[in-house]
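Data block below; observations after.
What follows draws every value from the coordinates through simple rules; no lab data is involved. Since we're looking at a predicted model, the values are computed, not measured. Please note: Cβ atoms are built from the backbone with ideal geometry, for glycine as well, and neighbour counts cover all protein chains shown.
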Amino acid sequence: MSSSAETGTKRVGEAGRWGDDVRSDVHVWIEPRERGGIDIVLESRVKAYYGDTIRRQAENVLEQLGVHHAQVLMHDEGALPFVISARIEAAVKRAGLAQGKRALPDQLPLPEPTPRDRLRRSCLYLPGNQPKYFINAALDAPDGIILDLDDSVHSAEKDAARLLVRNSLRAVSFLPCERMVRINQLPLGLEDLEEIVPECPDLILIPRVKAPNQVLEASQRIEEIKARHGVSRTIWLMPILESALGIENAFKIASASAQIAGLTISLEDYTADLGVAKTAVGNESLFARQRIVNSARAAGVAAIDSVFGDVDDLEGLRVWALNLRALGFEGMGCVHALQIPVIHQAFQPTQEEINQALRIVTGFQEAQQKGLGVTTLGSKMIDPSIVRRALKLIERAQAMGLVSTSVPRSSLL
Amino acid sequence: MAPKIELQLNAAGRMVPAMVNGRPQIPYLGVGKYQPRGRKAAAPIRTAANYPADGNKVVQDLETALRQCGLRDGMVISNHHHLRHGDRIALMALRAAAKLGAKDLTWFPSASFPSQQGAIELLDSGVINHIEGSMEGPLGDYCTQGRMRGMGVLRSHGGRWQAIQDGEVHIDVAVIAAPTADVFGNADGSQGKSACGALGFALADSLYADHVLVVTDNLVPFPCVPWQIQGNNVDYVVEVDSIGDPARMVCRTAQITRSPARLRIAEFVARFLRDAGIMRNGFSFQAGAGGVALAFVVYLKQMMREAGVKARFVRGGSTKYLVELLEEGLTDYILDGESFDVDGVRSLANNRQHVVTSPFVSYNYHGKGNFASMLDAVVLGATEVDVNFNANVVTHSDGRLLHGIGDWQNCLAAGCTILAVPSFRDRIPVIVDQVTTLTGPGELIDVVVTERGIAINPLREDLIEQVRGSTLPIRSIQDIKAEIEGICGGRPQRPKAGERPVAIIKWVDGTVLDTVWQIS
């Protein structure tokens, strides 16, 4: 974990991890020198295949960072190129060099910007300093991937994780998922924004929000950085409420910025703030969760729940997620790929609900053609509010690929 | 300075030695091309006059037994891997031979394990000349570093039977570790404190060796039933305190992988069998004990339940997951070569539908057919597969010995051979231009399933047609390879190949498929 140390007048910098239990990472140790060029000593479990490639890459990265004389030791555990760049840059910066410089990997084509009301049933958290999870995360197609700089990253590794996440936004294909980043609590989170915003994540989660001004502070900084880097596309925001005060201010927070796309909660922190145990049933957080749903709805954004931590209890997850849907949530966080299909299944309307919604809409269309404002289906009266709910359900079902018939909303209401 | 070894080109385009450990070799000629002639080898004729009438063949220890077998320099001693990492008998037998002053032995295990690295001392001191059997870990490195006097010979389980039966390997003394045996030499693997399941790997040795020893830690009065090994083939019985460490013999429960990528591969395999119509009433399949193979069985079981489909037989190594299939009535039989976990051992002992098989019935290519080719599908792993579907299972990409062949080559005969592999490991692409060590010819490998897509061998137009319209990500193997190379940062360099052969890879018919070269 040591990041830098004084040796004489020059600092030594190191970053990344190695060891038998480490995969897809590289440990870089660098000692700047006055002269003698770049001297790289490489140990790698893939040396026979990529030894020359790794050396060339290291030389290029150092060149970009303006480092011309240094002793470099690399202990590679099969890191992919975007990881190698990030670790070298972190080590160089910890050695006190290359401030303000970046060694950016090649940029993949940017995916299309995501709409504000995109499906966000499952948002998969990836620890931001563990590159081995990045490359395959999108294969299981969660709706969103959250590259986490906050709780899952040790406080001594924040700088290194930031560069790794930045590089992954450029070099890893996360399609078809929405690319999300959870920054650190402000003000540290503002430093994260400097590296992250230029790479156009689709959405940024802001942790421990208690009041709307925190959202505004982040939002203003994001706009400044975007302007500096010529970024025009929208970056959505999702505040995370983690305290009793945050819950009290939920609506004000949800409506603090036009960039907010959703509101979410961290139940671990919230129950800790209350001083109560977090239970499987969740009665202790029912008020908070309902408040999130109501505030989010009032502000016209999505309500997203916390993660379900017990990866082995898929049945518990299923029941929890069904309850969330019934409460009005549109999605939740997750921590393992096995949770994704369970969550998607729970948040999808049943075929019976879809059929009923289609019958309501069809019945209403026919009534309208006859000049009637209200009609009945079986014994139940169908009024515009019921039709609106049916249409919302059909829209979501369409987004999940469950309905092929298109029902244009504008023609109805 | 080692003598120059003459090489010849085989039908797979590989250079292989013409002579190995003093025996001329036939280069691989192609699948099904080599026609063997002649008659099978046989053990010498014995007479009951020379064995105790009361049936008691117990002698005091292994040294005595080996001496009475007439152990001499240059002999072949065989052992078996049914006790896996827990085996104590192989090293005990080899050390007893060392005590008797034997030199230049050939050690002929059905597989060796890293736990048997004690053999290195015996190789260094000249007691063992070379190993014919799988080598991995320290023994694998010993071989690939060129430190073994003779050349290693790697065979499949079926190929080992074939070699014994065809007289390519003449076993002087077979030492069989038996979890239960009687004084006459009848032996069984399904009971006793060291129960391991089947003893099939030792069966050929018991039939063809000049001398057969049974070593047990559970000596019972005659009769030991069932007798997987027949006492009528056994010369001596030795009782010891312990034949092996049960904790290291079988897994308590074989663990399913938790890796999302591997689970995804497993699910793709199951869906492929379903969508290709292979999963149908009366079908059969084989799956091993790797994490992906276990997970595949779990997915397939769910699909079989949903479709109301039942298998006629499945083949082990048995695990809890196959046993569940049997106990739930989703298969009529488990035909089992070895038990990988305690559930497999228990089921084999108690369930008449769980049947012991030997490499003879399962895999021997020089027989009147075998079970492997009757399987509808088999799911296997590999370290590398090339764009022509040739695969490597024995060496790392850098040429170091990694695995034995096991039944891998034999299983390629199945109706649909599926390799379930991650697309890269530690940045090293699994799909390559050319495999380091050819272990299986591409014409027998039908489908490669990775977490990024499924490639079907273009030779299998029928399979391609059957999965048309499926939602599975079917892609060309070149396409998947290109994507992986993009992720890994380009095509890997080719490690430098050595120039001295240190081991050969036999094909199922005894011809030489490829060479393992010395590495620095």
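Calculate the mean, over all residues of peptide B:426-433, of how many other protein chain Cβ atoms lie within 10 angstrom of the residue's Cβ. Provide the component values of the computation, followed by the final result.
On the way: counts 13, 18, 6, 1, 0, 0, 1, 0.
Neighbouring Cβ atoms belonging to other protein chains average 5 per residue here.
Taking θ as phi - 60°, what are the ³J(HN,Hα) couplings along the stretch B:418-427 by the Karplus curve (6.51, -1.76, 1.60), each to the nearest whole Hz, with x for Gly and Pro?
Going residue by residue, I get 10, 9, 9, 9, x, 6, 8, 10, 6, 6 Hz, with x marking Gly and Pro.
Considering amide H positions built from the backbone, and no H for Pro or chain starts, which residues 5 or more places from residue B:514, or on another chain, come under 5 Å of its amide H?
B:505
Please state, as a whole number in µm²/s, the translational diffusion coefficient that the Stokes-Einstein equation yields for the protein assembly as shown at 4 °C and 1.567 mPa s, with Rh defined as the Kirkwood radius across alpha carbon pairs.
Values: Rh = 31.4 Å.
Stokes-Einstein gives a translational diffusion coefficient of 41 µm²/s.
Taking the Cα of residue A:319, stepping 7 Å toward and past its beta carbon, and measuring to each backbone N in the stretch A:268-295: which are under 14 Å?
A:279-283
For residue A:210, which lysines qualify as cross-link partners when the Cα separation must be under 23 Å and same-chain residues fewer than eight apart are set aside?
Leaving aside lysines fewer than 8 places away in the same chain, those within reach of residue A:210 are A:158, A:252, A:278.
Straight-line reach from residue A:392: which lysines have Cα under 22 Å away, leaving out those fewer than 8 places along the same chain?
A:380
Describe numerically, in nm with one decimal, the distance between label points set 7 Å from Cα along Cα→Cβ at residue A:290 and at residue B:468.
It is 5.7 nm.
Just need the relative contact order of chain A here, percent rounded to a whole number, with Cα pairs under 8 Å and 6+ apart.
Values: 772 pairs, mean separation 45.1, N = 413.
With pairs under 8 Å counted, the relative contact order is 11 percent.
Where a ≥ b ≥ c are the square roots of the eigenvalues of the C-alpha gyration tensor, would you call the stretch B:365-469 rounded, which needs a/c under 1.5, or, failing that, prolate if a/b is larger than b/c, or oblate?
Numbers: a/c = 2.09, a/b = 1.14, b/c = 1.84.
Oblate shape, in that a/c is at least 1.5 and b/c is the bigger or equal ratio.
With 5 Å bins from zero, work out the P(r) of the stretch B:78-221 over every alpha carbon pair and list the percent per bin.
Pair shares across the bins are 2, 10, 20, 23, 21, 15, 7, 2, 0, 0.
Taking neighbour Cβ counts within 10 Å as the exposure measure, how do B:115, B:190, B:156 sort from fewest upward? Don't skip to the answer; put the middle values down first.
Values: B:115 19, B:190 22, B:156 31.
Ordered by Cβ neighbours within 10 Å, fewest first: B:115, B:190, B:156.
Note down the relative contact order for the stretch B:259-323 as a percent, whole number, built from C-alpha pairs under 8 angstrom at least six residues apart.
Numbers: 74 pairs, mean separation 26.2, N = 65.
It rounds to 40 percent for the stretch B:259-323.
With the crude spin-label approximation of a point 7 Å out along Cα→Cβ, what separation in nm comes out for residue B:40 versus residue A:388?
8.3 nm
Please grab the % of Cα pairs in the stretch A:351-399 that end up more than 16 Å from each other.
On the way: 380 of 1176 pairs.
Summing the P(r) of the stretch A:351-399 above 16 Å gives 32 percent of all pairs.
With a/c under 1.5 counting as rounded, go ahead and sort the stretch A:122-347 into rounded, prolate or oblate using the C-alpha gyration tensor (a ≥ b ≥ c being the square roots of the eigenvalues; past the cut-off, prolate if a/b is larger than b/c, else oblate).
It is oblate, given that a/c is not under 1.5 and a/b is not larger than b/c.
Taking neighbour Cβ counts within 10 Å as the exposure measure, how do B:384, A:157 sort from fewest upward? Don't skip to the answer; put the middle values down first.
Details: B:384 25, A:157 19.
So the ranking, lowest neighbour count to highest, is A:157, B:384.
Within a 10 angstrom radius of each residue's Cβ in B:488-494, how many Cβ atoms of other chains show up on average? Whole number is fine. Walk me through the intermediate numbers first.
Numbers: counts 8, 11, 4, 3, 6, 8, 2.
Shielding by partners across B:488-494 averages 6.
Quick one: compute the contact order of chain B, relative version, from alpha carbon pairs under 8 angstrom and 6+ residues apart, as a percent.
Details: 1278 pairs, mean separation 84.0, N = 520.
The value is 16 percent.
Return the average number of partner chain Cβ atoms within 10 angstrom of each residue Cβ along peptide A:139-149. It would help to have the intermediate numbers written out before the result.
Values: counts 6, 5, 0, 0, 0, 0, 0, 0, 0, 0, 0.
Counting other chains' Cβ atoms within 10 Å and averaging over A:139-149 gives 1.
Highest mean first, what order results for A:298-308, B:235-245 on Cβ atoms within 10 Å? Display every interim value, and only then the final one.
On the way: A:298-308: 22.2, B:235-245: 19.4.
So the order, starting with the most tightly packed, is A:298-308, B:235-245.
Rounded, prolate or oblate: which fits chain B, taking a ≥ b ≥ c as square roots of the Cα gyration tensor eigenvalues, rounded meaning a/c under 1.5, else prolate when a/b beats b/c? Working shown, then result.
On the way: a/c = 1.93, a/b = 1.30, b/c = 1.49.
Here chain B falls in the oblate category.
Roughly how large, in nm² to one decimal, is the mean projection of the convex hull of the alpha-carbon atoms in the stretch A:1-128?
10.4 nm²
Quick one: plug the Kirkwood hydrodynamic radius of the stretch B:260-496 (C-alpha pairs) into Stokes-Einstein at 4 °C, 1.567 mPa s, and report D in µm²/s. Intermediate values should be presented prior to the final figure.
Details: Rh = 18.1 Å.
It comes out at roughly 72 µm²/s.
Please report the net charge: other residues with Cβ closer than 11 Å to the Cβ of residue B:243, K and R +1, D and E -1.
Details: positive: B:88, B:193; negative: B:87, B:217, B:239, B:241, B:245.
Result for the local shell: -3.
Amide H of residue B:425 versus every other amide H placed in the peptide plane: which residues, excluding those fewer than 5 positions away on the same chain, fall under 5 Å?
Answer set, sorted by chain and number: B:430.
Residue B:368: which lysines have alpha carbons under 22 Å from its alpha carbon, excluding same-chain residues fewer than 8 sequence positions away?
Answer for residue B:368, where 22 Å is the Cα cut-off: B:33, B:40, B:506, listed by chain and number.
When B:371, A:364 are ordered from fewest to most other Cβ atoms inside 10 Å of their Cβ, what list results?
Numbers: B:371 21, A:364 24.
Arranged by neighbour count, lowest to highest, B:371, A:364 become B:371, A:364.
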